[in-house]
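What follows is a short report on a single structure.
The values are calculated or read from the model by the stated rules, or taken from the named source; none is laboratory data. Source: prediction; values computed, not measured. Cβ coordinates were reconstructed from backbone atoms using ideal geometry, including for glycine residues, and neighbour counts include every protein chain displayed. Accessible surface is based on the protein model in full, side chains and every heavy atom, while ligands, DNA and RNA are left aside. Shrake-Rupley method; radii C 1.70, N 1.55, O 1.52, S 1.80 Å.
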Amino acid sequence: MARVLVTEKIADGGLDALRAAGHDVDVQTGLDPEQLVAAIGGAHALIIRSSTTVTAEVLEAGTDLVVVGRAGIGLDNVDVETATRRGVMVVNAPQSNILSTAEHTMAMLLSVARHIPQAHGALVEGRWERSEWVGVEMADKTLGIVGLGRIGKLVAQRASAFGMKIIAHDPFVAAERARQLNIELVDLETLAATADFVTLHVVKTPDTIGMIGEDFFARAKPGIRIVNVSRGGVIDEDALAAALADGRCGGAALDVFTSEPPTGSPLFARTGFVGTPHLGASTREAQDKAGDTIAEQVRLALAGEFVPFAVNIAAAEASETVRPFLGVAEQLGGIFAGLSEGLPPVIDIEYQGELAGYDIRILTLSVLKGAFAGSTEEPVSYVNAPQVAAERGIEVRDTTTVTSRDWVNLVTVAGGGHSVSGTLVGLRSEPRLVLVDGHTVDVPPSPHMVIVRNDDRPGVIGRVGSVLGDAGVNIADMDVGRSAEGASALMVISTSQAVSSGVVDAVLASDGVSSVAVVDRT
């Protein structure tokens, strides 16, 4: 059972699912930074929304932390770099609120086009101002979309239904893909000069901060209208206020701000401004989907399974063919490290058979996770395994081949003169260690293993078994492999408990034994 700290309102269905999985769900909302640091101790998972900031200090205090789950899309409030260094997985719910955000964007577009909030405000104050709030039609106008991701595409579809012409700026979308969507890709300067309306759908990065500023408005079509329901800070709000004041900008609708909540913003004094308090994802449906999604991602992370929406893992997917091999890949990494008594400067990982046709990056991460387990002060996970390898100067090379002589699928880890291979067998897809240093074996991987290289002659196996038995070590399974030359043999022994260094020395002293390697993956 793991402790899951929840610091903001999450849908009950998601929290109930975590409780049903046996986890202790600790809901503490409204924590200030100091209280969060105090509360994070002993927590294995942290679930937040946008109001909680997960700093390096929080992550350092969360010594047991496995995963941080953000119920939503943006991660501006999470120190992902520190989390990655510490091996803490960061997950979000990227698809939970995209429809709600797209619909809110359309609502803001209509509001800024027809002055709906301003007209409502005048009416409830007793003023009947029909001529004051003359708007514009959206039909036959050009909409410039900055950021053609999931939300941008949904907005494009809906704006097209209003009869708008769509242009877009997104350096990460191919022109051909945009043409398939009936969208013309342009640079930002062209978009500014051409569009009647602009909507923003970008993440907050050093490249996007302030991207809509004085330079943009200097090139913009007079009277351009701006809508931002993405991230605060991508618009220079002082520049926007100035453009509203002198008419270069005909209207602006913002749901997000550089600092939230905004106080004393110059935008509030501009009649062409419409603002909402970060409501893009604030629908019942989006809240429920975000809570359910993030709870499932956290459950998978705590179970050590592949997490589809982990943002700091160098793997995009784990297909139904690949996923069953996650366990055996991690076991092979641990066995290889034990066999090598350390790790060589280059590790080669080969995937043979059907696996070669899939994205196998997550399997490489599993191998590294197993290889480095127990060798660092910080836990090694799918998240920081590549970083650990880089810090140790270890080069990792993976290759694939669709042919496999004896197995449907085979995973081999090699380097420094050693190699281990494993696969899954039978209807139950049970893991098997099938090759060790060129010796054919058939042994289920286990947390405790002894690998003995010995002369291929009578009596050696019996002597090794006697040494282990006299020391009270129970042999759970074993197999003997012979080299192609037949001059040496190799015993692969699974034991029920860890084998002490004294027992290892006794085995090594047995007549006919040339080397002993121990695998202890507890």
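For the stretch 107-196, take the convex hull of the Cα atoms, compute a quarter of its surface area, and give me that in nm², please.
Working: hull surface 26.5 nm².
The number I arrive at for the stretch 107-196 is 6.6 nm².
In vacuo Debye scattering of the stretch 288-343, one point per C-alpha: log10 I(q)/I(0) at q = 0.15, 0.17, 0.22, 0.29 Å⁻¹?
Evaluating at q = 0.15, 0.17, 0.22, 0.29 Å⁻¹ gives log10 I(q)/I(0) of -0.58, -0.69, -0.94, -1.14.
Please list, or write none, the aspartates and glutamates whose alpha carbon is within less than 12 Å of the alpha carbon of Lys141, excluding same-chain residues fewer than 8 places away.
Filter leaves Asp196.
Quick one: if you take sqrt(5λ) for each eigenvalue of the C-alpha gyration tensor of the stretch 1-154, what semi-axes come out, biggest first, whole angstrom?
Numbers: eigenvalues 347, 68, 44 Å².
Semi-axes, largest first: 42, 18, 15 Å.
Which of the residue pairs Lys165/Lys221; Lys165/Lys204; Lys9/Lys289; Lys153/Lys221 have a Cα-Cα distance greater than 25 Å in the structure shown?
Working: Lys165/Lys221 15 Å; Lys165/Lys204 27 Å; Lys9/Lys289 13 Å; Lys153/Lys221 23 Å.
From the list (Lys165/Lys221; Lys165/Lys204; Lys9/Lys289; Lys153/Lys221), the Cα-Cα distance tops 25 Å for Lys165/Lys204.
Return one number: the angle in degrees, 0 to 90 and rounded to the nearest 10, between the long axis of the Cα atoms of helix 326-340 and the longest principal axis of the Cα atoms of the chain.
50 degrees
Enter the accessible area of Thr271 (Å², nearest 10), with the probe set to 1.4 Å and all protein chains included.
Answer for Thr271: close to 100 Å² accessible.
Just want the answer: with Cβ charges of +1 for Lys and Arg and -1 for Asp and Glu, which residue in Met89, Val186, Val58 is farthest toward the dipole's positive end in the stretch 57-195?
Value: Val186.
Nearest 5 percent is fine: what portion of the DSSP beta bridges confined to the chain is antiparallel? All intermediate terms of the calculation are to be shown ahead of the outcome.
Values: 42 of 89 bridges.
Percent antiparallel among DSSP bridges in the chain is about 45.
On C-alpha positions alone, give me the angle between the axis of helix 98-114 and the longest principal axis of the chain, in degrees, nearest 10.
Roughly 10 degrees between the two axes.
What is the dipole size for the chain, taken about its Cα centre, with +1 at each Lys and Arg Cβ and -1 at each Asp and Glu Cβ, in debye to the nearest 20? Walk me through the numbers before you get to the answer.
Details: 40 positive and 65 negative charges, 254 e Å.
The calculation lands at about 1220 debye.
Net charge within 15 Å of Val27 by Cβ-Cβ distance, Lys/Arg positive one each and Asp/Glu negative one each, not counting Val27 itself? Mind dumping the intermediate values first?
Working: positive: Arg3, Lys9, Arg19, Arg49; negative: Glu8, Asp12, Asp16, Asp24, Asp26.
Computed value for this residue: -1.
If one computes the Cα centroid of the stretch 96-114 and of the stretch 445-496, what distance in Å separates the two points?
68 Å
In square angstrom, what is the accessible area per residue of the stretch 131-251 with a 1.4 angstrom probe? Mind dumping the intermediate values first?
On the way: 5570 Å² over 121 residues.
Value returned for the stretch 131-251: 46 Å² of accessible area per residue.
Percent of accessible area on the chain owned by carbon and sulfur, 1.4 Å probe? List each step's numbers first, then the result.
Numbers: 11920 of 23520 Å².
Answer for the chain is 51 percent, counting heavy atoms of protein chains only.
Here are labelled values, (1) 38, 32, 21; (2) 42, 24, 21; (3) 60, 24, 18, and one is the computed semi-axes √(5λ) of the Cα gyration tensor in Å for what I pasted. Which one?
(3)
One quarter of the convex hull surface, Cα atoms only: what value does that give for the stretch 408-510 in nm²? Display every interim value, and only then the final one.
Details: hull surface 29.3 nm².
With every direction weighted equally, the projected area is 7.3 nm².
At what distance in angstrom do the alpha carbon centres of the stretch 1-32 and the stretch 329-359 lie from each other?
Spelled out, the Cα-based centre of one part sits 37 Å from the other.
I'd like the orientation of helix 284-302 relative to the chain: the angle between its Cα long axis and the longest Cα principal axis, in ° from 0 to 90, rounded to 10.
20 degrees
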